[in-house]
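Undergrad: Dropping the structure in here first, questions after.
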Amino acid sequence: MSSYIIEGGNKLQGETYVSGSKNASLPIMAATVLNKGISKLYNVPEIHDTQMMIEILKNLGCKVIKRSNKIVIDTSNVKNFEIPENLMHEMRSSVILAGAILGRYKKAVFSYPGGCDIGARPIDLHLKGFEKLGIATEKNYGKIICKADEITAAEINLDFPSVGATENCILAAVLAEGTTKIINAAMEPEIVDLQNFLNRMGAKIEGAGSNIIKIEGVKKLNSVSYNIMPDRIEAGTLLCSAAITGGNITLKKANAKDIAPVLDKLSETGCVIQLEADSINLKAPKRLKSVNIRTMPYPGFPTDMQSIIAANMCIASGTSIIAENIFENRFKYTGELQKMGAKIRIAGNTAIIKGIRKLYASRVIATDLRGGASLVLAGLAAKGKTQIDNVGYILRGYEKLDKKLNSLGAKMELK
Ligand code: UD1
């Protein structure tokens, strides 16, 4: 796997833009399978995970043409209902294809997404949702075989507002007979984007963005073009990169509403935030102030930003307490930050971070996507040369991160 070499200590300044959302692109790419025809998707980020989704779609029999951030998916000849195990292991979120394949063909075979770097990530809620919709689910030597004669609308009460389970239930219900209701649905903006895409195709869904989603089954969908929403986690990461270096940046193509809890926390740290129609400006103070954070399902503070803000807190004045309430093993990266001098103590699901004046450049290893990104931030702030190994994790989810940060004055290269 490749490495990032960062020569830290430069204040980030200037203007860059936010790419399309990874977590919206993946379910929307999966959703194209529901319709027999052509979908044109714009603003899809060029990252490892969307490339893996293209590979899986091709494996199912789709024709996919990719030109930069535009993807054309022709689902006319899907002939395979099984998601290959090796691709399933490459990308956990490939499980989201199950709902789409089931919705169209009423059968799907896939395997468990496998062990994980941030927690167990079971799929019991996805399967319970499928069963409510009249789909039989059978586990056989690590494979999950799902079949239904008819998918029938139902009321699905999710035990927890899981993003993936909500998306899978929507996808499986779009072409079902009758009206499905998902109660305690996840309210993330990416689910609203999925609803908007499906409705443009001719689906009848309402309520995404609230905790009750209604899906009135339709008989047929149409070919459409769709522009993917901006990536709110990338936006948060870039703003935090400016904050940790004492910088001043403007982000274009950003949606401030989607990252309101992150912007609120950054304001608490002393950053001055100014919003315009589709841009966010952040001016960092001389030294950040500590803040306490609890990750929550949307609209709470996103778990995907937990490690990113934690990097900032390592050099803030005062002690921060960060509670991770979504994933049970999302503090692995803190061991790497400690190598850079950070004073972090973990107690159960809580990280206690005592802010120090500066971090030290070091050689560290990315442990997962967002944990890896937090090391990039630490490297930007630490004077000297930081080497981050295993950056394959970071490339899964950030488009042109080195180029964007360099355009703001960072010195960073991918080796
Ligand atoms: C999605 C995002 C991920 C984000 C997460 C939470 C994508 C591709 N990924 O992941 O970046 O961190 O939402 O905002 O969109 N759970 C169960 N059983 C299930 C499903 C989930 O117990 O069947 C638990 C998980 O272990 C976790 C919690 O629910 O503790 C939240 O998971 P979920 O919302 O499903 O996250 P993902 O959809 O996997």
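Since every read-out is calculated from the coordinates, none of them should be taken as a lab result. Please read these numbers as outputs of a predicted model, since none were measured by experiment. Please note: Cβ atoms are built from the backbone with ideal geometry, for glycine as well, and neighbour counts cover all protein chains shown.
Undergrad: Roughly what angle does helix 232-244 make with the longest principal axis of the chain, taking Cα atoms, 0 to 90 degrees, to the nearest 10?
TA: 0
Undergrad: Got a sec to turn the phi values of region 377-384 into Karplus ³J(HN,Hα) couplings, 6.51 cos²θ - 1.76 cosθ + 1.60 with θ = phi - 60°, whole Hz, x for Gly and Pro?
TA: Along region 377-384, the couplings run 4, 4, x, 5, 7, 7, 5, x Hz.
Undergrad: Using per-residue counts of other Cβ atoms within 10 Å, averaged over each peptide, order 312-323, 362-373 from highest down. Could you put the intermediate results ahead of the total?
TA: Numbers: 312-323: 20.9, 362-373: 23.8.
Ranked by mean Cβ neighbours within 10 Å, highest first: 362-373, 312-323.
Undergrad: Could you go through region 322-327 in sequence order and give the Karplus-derived ³J(HN,Hα) for each residue, using 6.51 cos²θ - 1.76 cosθ + 1.60 with θ = phi - 60°, rounded to whole Hz, and x for Gly and Pro?
TA: Values, residue by residue: 10, 9, 9, 10, 9, 10 Hz.
Undergrad: Using only alpha carbons, build the gyration tensor for the chain and give me the equivalent ellipsoid semi-axes, biggest first, whole Å.
TA: 38, 21, 20
Undergrad: Tell me the mean residue ellipticity at 222 nm calculated for the chain from its helices only (DSSP H runs of n ≥ 4, each -39500 (n - 2.57), averaged over every residue, nearest 500).
TA: It comes out at -9000 deg cm²/dmol, rounded to the nearest 500.
Undergrad: While we're on this one: What does the charge count near Arg287 come to, summing +1 for each Lys or Arg and -1 for each Asp or Glu among other residues with Cβ under 11 Å from its Cβ?
TA: Values: positive: Lys286, Lys289, Arg357, Lys358; negative: none.
Cβ neighbours under 11 Å give a net charge of +4.
Undergrad: So if we plug the beta-carbon distance of Tyr141 and Lys253 into 1/(1 + (r/R0)^6) with R0 = 41 Å, what FRET efficiency do we get, rounded to 0.05?
TA: Numbers: r = 46 Å, r/R0 = 1.12.
The value I calculate is 0.35.
Undergrad: Taking the Cα atoms of region 22-227, report the difference between the largest and smallest coordinate on each principal axis, in whole Å and largest first.
TA: 40, 37, 32
Undergrad: Right, something else. Applying 1/(1 + (r/R0)^6) with R0 = 41 Å to the Cβ-Cβ distance of Asn80 and Ile5, what FRET efficiency is obtained, to the nearest 0.05?
TA: Calculated value: 0.50.
Undergrad: Taking Cα pairs under 8 Å and at least six residues apart, what relative contact order does region 22-227 come out at, in percent?
TA: 20
Undergrad: So, one more: Under 14 Å Cα to Cα from Lys128, which aspartates and glutamates show up? Leave out anything in the same chain fewer than 8 places away.
TA: Straight-distance partners of Lys128: Glu138, Glu155, Asp159, Glu167.
Undergrad: Now, a different point. Expressed as a fraction of 2.2 N^0.38 Å, the rule-of-thumb size for a compact globular protein of N residues, what is the C-alpha radius of gyration of region 4-51? Numbers along the way, then the final one.
TA: Numbers: Rg = 16.4 Å, N = 48, 2.2 N^0.38 = 9.6 Å.
Against the empirical 2.2 N^0.38 Å value, I get 1.71 for region 4-51.
Undergrad: Of Lys107/Lys139; Lys66/Lys257; Lys107/Lys132; Lys22/Lys411; Lys286/Lys415, which ones are farther than 22 Å apart at the Cα?
TA: Lys66/Lys257; Lys22/Lys411; Lys286/Lys415, as the Cα separations exceed 22 Å there.
Undergrad: Here is a follow-up. ³J(HN,Hα) across region 89-95 via Karplus (A = 6.51, B = -1.76, C = 1.60, θ = phi - 60°), whole Hz, x for Gly/Pro?
TA: Going residue by residue, I get 6, 4, 9, 4, 6, 5, 4 Hz, with x marking Gly and Pro.
Undergrad: Over the chain, what relative contact order in percent results from Cα pairs under 8 Å that are six or more residues apart?
TA: That works out to 21 percent.
Undergrad: I've got another one for you. Quick one: which residues, 5 or more positions from Asn227 or on another chain, have an amide H under 5 Å from its amide H? H modelled 1.01 Å from N in the peptide plane, none for Pro or chain starts.
TA: Here the answer is Tyr42, since their amide H atoms fall under 5 Å of that of Asn227.
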